[in-house]
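Asks: Before I ask anything, let me first share the structure, which is written out below as structure tokens.
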Amino acid sequence: MCGIIGYIGERDVISVLIQGLKRVEYRGYDSAGIALFGPGGLLIKKDKGKVAHLEESVNGQQIESSAGIGHTRWATHGEPNAVNAHPHTDDKNFIVLAHNGIIENYMALREELRQSGHEFTTETDTETVAHLIAEVYDGDLLEAVRRALKLVQGTYGLVVMCADKPDEIVAARLSSPLIIGHGDGENFVASDLAAFVQFTRNVTYMEDGEVALITKNKIVHKTLADKVVPKKIEKISFDIEHIEKGGYSHFMLKEITEQPRTIGDSMRGRLLSEEGTVRLGGMREKEEQFLGAKRAVFVACGTSWHAALVGEYLFEEMAGLPVEVEYASEFRYRSPVLDDKTIVFAISQSGETTDTLAAIQEAKRRVDTVFGICNVVGSSIARTTDAGVYLHAGPEIGVASTKAFTSQIVVLAMLALNLGRHRQISAAEGHRFIKELREIPRKVGTILSQSEKIEEIARQYKDHRNFLYLGRGVNFPVALEGALKLKEISYIHAEGYPAAEMKHGPIALIDDEMPVVFIAIQDGTYEKVLSNIAEVRARRGHVIAIATEGDKDIAKCVDHVFYVPETHPMLSPLLTVIPLQLLAYHVAVMRGCNVDMPRNLAKSVTVE
Ligand code: G6P
């Protein structure tokens with residue numbers, strides 16, 4: 001979603017801001033802008049469309065500047081156009097700011113400010129904050145931001161500059177991440193590490209309810225109540241190659257292709273073959289709660305929610321632990337029944353999804369320990385949860401999640417194994433499971449090497465308007481994920497269903513225009529899935545089957561078959577999802593869609 005970058009120092013400010021904005025483009029946005037101190041005061045450039053467009057409009061402009069802020073906006077209040085794009089100012093062009101999040105009471109504040117003479121030019125909630133800060137400003141920018149924010153309800157990651165203070169940026173955070181980058185005679189602030197990681201790896205994380213004064217040589221962190229917060233600078237390890245395309249045409253293809261490595265990274269150093277179990281360092285402190293649980297609740301959104309569903313099958317099958325999977329957005333508005341023997345897991349690639357964070361807060365009111373499964377190290381969810389496991393999949397830039405999904409399944413499988421070994425699985429069984437797990441990266445590699453077969457299928461079906469994805473058991477969530485991938489990036493309507501449920505509704509849609517993707521591997525439900533395939537074929541639907549290597553018979557009763565290697569049935573989603581990711585990718589490319597930045601979507605959804 002929206003991205004923020006702020007810079008203060010000796011470098012060319014425009015270039016630092018534009019580079020920073022390009023690094024956060026992947027989060028999804030529809031307009032972009034920058035503000036800086038030029039020789040004549042505050043200068044603002046903003047427009048709808050891409051950062052490249054903004055870059056063109058400032059190209060070649062050598063403007064001497066001490067500091068600046070930049071923003072990519074994903075519209076919430078007011079359409080995406082130049083006026084509503086950030087940064088925003090008050091009517092005297094005195095305060096300028098960029099904001100991620102939503103100001104909930106902006107209508108009331110706006111009305112009050114109007115009455116004291118302020119004139120508004122945009123439809124945004126954000127503009128109100130610029131006016132409010134200008135209204136309470138009394139020579140001290142940090143103080144004015146603090147005072148203004150006490151009147152604000154909502155969420156914010158905020159960077160503010162003031163015409164009076166060319167050497168200051170003030171930042172504030174509430175439920176929307178901000179990270180400060182500490183340089184030598186220069187400092188950075190951003191909503192995402194990627195925005196400044198090429199300049200510095202020394203960071204401090206802002207917490208909710210904090211403000212920070214950032215100058216060239218000094219950073220002061222305070223609470224909204226004006227208490228200084230001492231911070232430890234952390235050095236982050238981050239490989240810049242991970243946020244570059246490295247020769248691939250799209251980040252999504254790069255991320256699909258690197259799964260043999262990322263899956264391997266998620267298990268590295270964690271598998272104990274001899275004992276038939278795993279060692280997960282991040283769980284150690286809360287191991288007792290984990291192992292003593294009588295029930296688990298998984299909360300997540302989007303693709304992470306699909307991984308959670310796979311986790312449900314894994315935990316129930318391997319550890320006999322009852323699991324409920326909740327949409328994070330629904331969880332907080334229900335009355336979830338939780339007790340001290342219920343453990344809650346929040347699953348999130350970005351670690352910043354607002355709904356998931358809110359679900360964690362709700363869970364924390366009722367249970368002792370909330371566990372996290374996150375990819376982004378140091379993210380809000382990673383820091384809010386009491387224990388957990390990182391994916392170690394590396395930065396995921398493509399909006400459609402791929403490698404994070406498979407790593408989430410690997411982590412859930414390791415957790416299920418760990419718990420299962422304490423409850424019902426023998427060392428020999430555990431050992432076999434680990435052996436299969438270790439084989440997964442190689443098997444994913446063999447699937448990827450046949451990408452052109454999927455490309456061929458994509459070519460045949462790219463112009464169809466609807467797709468159905470069907471699977472059973474642990475592969476039912478994979479059907480959901482396959483359908484989600486296709487609709488996210490190719491804008492083709494697609495639905496995922498448990499295969500047998502088809503006859504209770506979706507079967508009405510089937511005719512010779514409908515491609516149906518079946519996950520039909522040889523597991524306990526194979527025969528039943530074959531019957532479901534027959535039902536589709538009887539209605540002239542086109543069947544694309546993902547089947548187990550060596551299953552020659554299936555080829556006779558479907559239009560296309562793509563084979564995946566055999567594995568432990570509970571690990572099969574790690575293989576069956578790969579052709580579905582590739583199918584969505586190829587279809588989207590052939591349709592000329594913007595694969596990495598699909599319309600209307602955001603990588604990290606930081607609004608409710
Ligand atoms: C957005 C993204 C999805 C992602 C979901 C949850 O909708 O577009 O790809 O699955 O958020 O994100 P998280 O970072 O919490 O896994």
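Asks: Show me the strands (runs of 3 or more DSSP E) entirely contained within region 76-189 in which 1 or more residues are of a type in the set (Phe, Trp, Tyr).
Replies: Result: 156-162.
Asks: Of the residues in region 301-318, how many are farther than 23 Å from residue 423 by Cα and either in the same structural domain as residue 572 (by TED's automatic domain parsing) or more than 16 Å from the ligand (Cβ to nearest atom) (or both)?
Replies: The number of residues fulfilling the criteria is 0.
Asks: In region 523-548, which residues are of a type in the set (Lys, Arg) and in contact (Cβ under 8 Å) with a residue 24 or more places away in the chain? Working first, answer last.
Replies: First pass over region 523-548, keeping only residues of a type in the set (Lys, Arg): 528, 537, 539-540.
The answer is 528, 539, 540.
Asks: Given the structure, is residue 438 more than 16 Å from the ligand (Cβ to nearest atom), farther than 29 Å from residue 320 by Cα and either in contact with a helix residue (DSSP H, G or I) (Cβ under 9 Å, 6 or more places away or on another chain) or not in a helix (DSSP H, G or I) (or both)? Show your work before the answer.
Replies: Values: more than 16 Å from the ligand (Cβ to nearest atom): yes; farther than 29 Å from residue 320 by Cα: no; either in contact with a helix residue (DSSP H, G or I) (Cβ under 9 Å, 6 or more places away or on another chain) or not in a helix (DSSP H, G or I) (or both): yes.
The answer is no for residue 438.
Asks: Anything in region 228-277 that is of a type in the set (S, T, N, Q) and within 28 Å of residue 204 (Cα to Cα)? List them, or say none.
Replies: Quick first cut of region 228-277, residues of a type in the set (S, T, N, Q) only: 237, 249, 257, 259, 262, 266, 273, 277.
If the condition is that a residue be of a type in the set (S, T, N, Q) and within 28 Å of residue 204 (Cα to Cα), then 237, 262, 266 are the ones that fit.
Asks: Can you tell me how many residues within region 481-530 are closer than 21 Å to residue 593 by Cα and in a helix (DSSP H, G or I)? Break it down stepwise before answering.
Replies: Narrowing region 481-530 to residues closer than 21 Å to residue 593 by Cα: 481-495, 515.
From the residues that got through so far, the ones that are in a helix (DSSP H, G or I) too are 481-490.
The qualifying residues number 10.
Asks: So, one more: Take the residues of region 515-543 that are surrounded by fewer than 20 Cβ atoms within 10 Å (Cβ to Cβ) and hydrophobic (A, V, I, L, M, F, W, C): which is farthest from residue 572 (Cα to Cα)?
Replies: 538
Asks: If you check every pair at least six apart or on different chains, which have Cβ atoms under 6 Å apart with a residue in region 468-487 that is in contact (Cβ under 8 Å) with a residue 12 or more places away in the chain and within 15 Å of residue 579 (Cα to Cα) first and a residue that is of a type in the set (Phe, Trp, Tyr) and buried (at least 24 other Cβ atoms within 10 Å of the Cβ) second?
Replies: Going by the 6 Å Cβ cut-off, the qualifying pairs are 470/518; 479/469; 482/469; 483/469; 486/467.
Asks: Could you tell me which residue of region 411-444 is surrounded by the fewest Cβ atoms within 10 Å (Cβ to Cβ), considering only residues that are touching a Lys or Arg at 6+ places or on another chain (Cβ under 9 Å) and of a type in the set (Gly, Ala, Ser)?
Replies: Only one residue fits best here, namely 427.
Asks: Quickly run through region 15-53 and pick out the residues that are buried (at least 24 other Cβ atoms within 10 Å of the Cβ), without any contact (Cβ under 8 Å) to a residue 60 or more places away in the chain and part of a helix (DSSP H, G or I).
Replies: Once the filter is applied, which keeps residues that are buried (at least 24 other Cβ atoms within 10 Å of the Cβ), without any contact (Cβ under 8 Å) to a residue 60 or more places away in the chain and part of a helix (DSSP H, G or I), region 15-53 yields 17, 51.
The values are calculated or read from the model by the stated rules, or taken from the named source; none is laboratory data. All values reported here derive from a predicted model rather than from experimental measurement. When we count neighbours, we look across all protein chains shown, and the Cβ atoms used for this are built from the backbone with ideal geometry, even at glycine.
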